[in-house]
Structures are given as C-alpha cells and as structure tokens.
C-alpha cells in the first residue's frame with residue numbers, strides 16, 4: 001500500500017511540474033505593440049497615427065518592426081513616416097483614443 005501511495009504522489013508531482021513547464025513559455029511571451037505615423041498621397045496628402053500589434057520578437061528589433069509595419073499598411077496605400085515606439089499591453093490604453101480608427105487596424 002505504501003508503495004502505491006508513493007507512486008501516486010510521484011505521478012502527481014510529475015504532472016504538476018509538467019504543467020508548469022508547459023505554461024512557462026506562454027507566460028514569458030509578452031505582447032508587443034508599436035505606434036507609428038504614416039502618409040498617403042493621392043487626392044491630397046493624408047496622414048494618420050496608428051497602433052499595431054507585432055510579434056514579440058520584433059519589439060527588440062526596430063528595423064524589422066518598421067519593415068513589418070510598412071508591409072501591412074502598404075496594402076492600403078500608406079507609407080510609414082516614423083515608428084514612434086514599441087511597448088507592451090500596458091501602453092495601449094493611453095494610445096487608443098489618439099489612434100482612432102487606426103488602433104490595431106493592421
């Protein structure tokens with residue numbers, strides 16, 4: 001009986017440790033966002049300020065972040081003028097109103 005209880009205890013510990021190990025990468029993955037300014041020429045010059053979600057590996061690479069943003073907004077004829085900053089989800093609230101319709105559009 002003691003052997004069976006020890007076995008159940010070891011199995012429970014293993015299951016808990018495995019669950020924690022599998023969840024750790026998910027917790028470590030932080031969301032990444034950037035705010036940017038873009039222009040579109042045509043029937044007069046148009047400008048917009050936007051906020052975009054990026055994969056987390058782009059937050060540490062400004063050039064790659066800019067290329068990604070350029071590719072996404074270009075489908076609607078926009079050209080990125082400047083990437084203002086990259087930030088995590090805590091920076092979304094203050095930028096939501098300013099970005100308006102371009103908040104997480106791309």
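Every number in this text was worked out from the coordinates using simple rules, so none of it is lab data. None of these values were measured; they are calculated from a predicted model. All Cβ positions, glycine included, derive from the backbone under ideal geometry; neighbour counts span all protein chains shown.
Once both labels are positioned 7 Å from their Cα atoms along Cα-to-Cβ, the gap between residue 98 and residue 81 label points is 1.3 nm. Can you list the residues of the stretch 78-98 with backbone N under 14 Å from a point 7 Å past the Cα of residue 64, pointing along Cα to Cβ? Counting only backbone N, you get no residues.
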